[in-house]
1. Using only the alpha carbons, work out the radius of gyration and Dmax of the range 45-107 in angstrom.
2. How large, in percent, is the carbon and sulfur part of the accessible surface of the range 141-266 at a probe radius of 1.4 Å?
3. Leaving ligands, DNA and RNA out of it, report the carbon-plus-sulfur percent of the accessible area of the range 96-135 at a 1.4 Å probe.
4. Loop-only GluC sites (Glu not before Pro) in the range 73-102, please: DSSP not H, G, I, E or B, and at most 12 other Cβ atoms within 10 Å.
5. With the other protein chains left in place, how much accessible area per residue, in square angstrom, belongs to the range 156-240 at a 1.4 angstrom probe?
6. Rounded to the nearest 10 Å², what accessible area does residue 224 have for a 1.4 Å probe in the complete protein model?
7. Which whole-number value in Å² is the accessible area per residue of the range 37-99, probe 1.4 Å?
8. Exactly which chymotrypsin sites (Phe, Trp or Tyr not before Pro) in the range 142-201 are in a DSSP loop and have at most 16 other Cβ atoms within 10 Å?
Amino acid sequence: MNMKKQKISLQVFFLALICCALCACQTDNALSQTTQPQKSLQQLLEEQPIDDTHDAFLIDTGGELGTLLVAAELAMENKDEFGTRDITFSVWNPADMEQPIQIFSEEFMMGVAPEFHHVVDVNFDGFQDFGYLFFLGNQPNYCHYWLWDEEYGQFKYCASLSEISQAVFDPERQVVTGWARSSGAGDGVTTFHRWEDGELVCVRRVESFSPWEEPSIVRVQDRIDGELQQVYREEFPWLGEEPEGQEAWRQAQHRWCDLDYHGEVE
């Protein structure tokens, strides 16, 4: 009987010893994981592929999540005869790289390249957004834009900005300016936009036309009572191709590109 008790006691002792050893190993593993230094933002960025079909960049949102990593991947197959392809964007929180916090795609006429993305506060709310070039012609060029929504912790697509060529964002005046050149003469369309109740609206449109050996035209529309209405139109006779012959319509175009100008006689 005593021998049986001693045998059981020894079994219990060895089982306890094994359990203690296993716990010690798990503790060591946990400690090694917690003490492992976290990678820097730059290290995470450098680990991302950047080539003919991949791009990656950092965005300091200015919000609770801080700086995020955005990775872009270009689809291999064209969607149509024009060469349109999807680009898929994955948004990662560097503090937790287990899975992206957001994935979205959009159609592009361009590929991917580091110079195609830019980070900017599009709607002047203090949070950083980003744009990606999707069309580049001889004259105008256009970008897709995603705006950071701090409440939902995600980027939201802004369709209206994709219609503005060469958008420039002025936080001081709270104005978004677009410019689409028509020809080498310097004529084209300049638009001015402001955010109203979360929507981007055009508040002025300046159009200039300078055809060869025909009168040049400058036409201006302002937003009045919720819609664009013509407030100015003038034709300028052709005075030759020399710069001085084009001066009059260009001065008119320049004056109306100042939002504080409303046709006052100088």
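1. 13.3, 43
2. For the range 141-266, the apolar C and S fraction of the accessible surface comes to 46 percent.
3. 51 percent
4. Answer in residue order: 77, 81, 98.
5. 55 Å²
6. 60 Å²
7. On a per-residue basis, the range 37-99 sits at 60 Å².
8. Here the sparse-neighbourhood loop sites are 152.
The values are calculated or read from the model by the stated rules, or taken from the named source; none is laboratory data. All values derive from a computational prediction rather than experimental measurement. Every residue, glycine among them, receives a Cβ derived from its backbone with ideal geometry; neighbour counts consider all protein chains shown. The accessibility values were calculated without ligands, DNA or RNA, using every heavy atom of the protein model including side chains. Shrake-Rupley method; radii C 1.70, N 1.55, O 1.52, S 1.80 Å.
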